[in-house]
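Trainee: Got a structure here, written out as structure tokens. Questions coming.
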Amino acid sequence: MTWLQNRIKTVFERFRADRYPSPPRRRSSRGQKTHVIILDGTLSSFEPGYESNAGLLAKLLDELGPSINVYYRPGLQWHSWRSIRNVLFGGGLDQQIRDTYGALATRYRPEDRIFLFGYSRGAFAVRSLSGLIDRVGLLKAKHATPRNIEQAWRAYKNPQTPETPAKFRAAYCHRQVTIEMIGVWDTVRALGLRVPFFWRWMPDRYGFHNHHLCRSVKAGFHALAKDETRLAYRPEKWRANPDHPAHLEQVWFRGTHGDIGGHLSGFSAARPLSNIPLVWMLQRADACNLPLPKDWASRYPTDVNAPSIGHWQGFSKLLILRRRRVISVGPTEWIHPSVARSERVKLEVYEEKKD
């Protein structure tokens, strides 16, 4: 063997893959993150003593520091008489969903975990957000531009063209995104307040929404107001999807819309009643492995006999269209044990007579 051949062999042996394997692929030091999206109801407040259950959840999770990314947004607010249309008829909700989708897309990385929570119209918004992610996909951070976010929203609103979301997902979105849990307090339709006679001529801008629990969601939990009668707050329940065996619980609690969401406008006497659906939701979140402060359970005293905020305060007196809510009892829907046994029996008999 010539000198040149020996030299070539030596160089080859030095760089053989089995002798000098490639260095392991560097992983990001960021680690897995938990993203918690919390969208509050209309006219909600973050002021101490005025927080809704959604606001209390956001403040609770903020104590955990940077290990959890908490994205909280209040609901539509009254800034001036110009904002009356948005407050009454749900305007601006589209933009809120798009903004939230964009914020999540810029923060999410593969293998991260997602939890969604909402109250009232905010509940409708997070359910729409899950539908957007399920149908179109979640944009990769590098593709989360305003143009792509708008295109994703348009694709979601037009389910008649299923090939468009598929192409969009393949080009710009993560291959698969799983939502660990959706927790909502008394979801209401985003159409807005049902002002007598006028609401019938309002276009239904959310008729495209899918009311089934999406395939990308592992578990859904819905706290519902048993005593609410205002048609403006007609609940939007999830419909069971036999093709998607996700865990679903829709539970009725004593109280009105404000009681269930903890939107009490400073009426602190009703807080122990509102804490019942709050504690129930936190128990479900804990079971879904959402990190919580160790002492959280001792912070929210409950009392089923505490006074209700009712549904005749303020402008609610103008909402004359009222009807008793229809309560169903089945595999995914039931009355919470905190409701008195005698009252549960009365409600069940009432529903049997209706059937």
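Trainee: Could you list, in sequence order, all residues of the stretch 250-279 that are among the basic types (Lys, Arg) and at pLDDT below 95?
Mentor: Of everything in the stretch 250-279, nothing turns out to be among the basic types (Lys, Arg) and at pLDDT below 95.
Trainee: Quick one: in the stretch 205-249, which of the residues that are surrounded by 24 or more Cβ atoms within 10 Å (Cβ to Cβ) and modelled with pLDDT of 95 or more is farthest from Glu333 (Cα to Cα)?
Mentor: Filtering first and then ranking leaves Val217.
Trainee: How about the stretch 240-254: which of its residues are closer than 16 Å to Met181 by Cα and either touching a helix residue (DSSP H, G or I) at 6+ places or on another chain (Cβ under 8 Å) or part of a strand (DSSP E or B) (or both)?
Mentor: Matches in the stretch 240-254: His247, Leu248, Glu249, Gln250, Val251.
The values are calculated or read from the model by the stated rules, or taken from the named source; none is laboratory data. On a predicted model such as this, the values are computed, not experimentally measured, just so you know. Cβ sites come from the backbone with ideal geometry, for glycine too, and all protein chains shown count toward neighbours.
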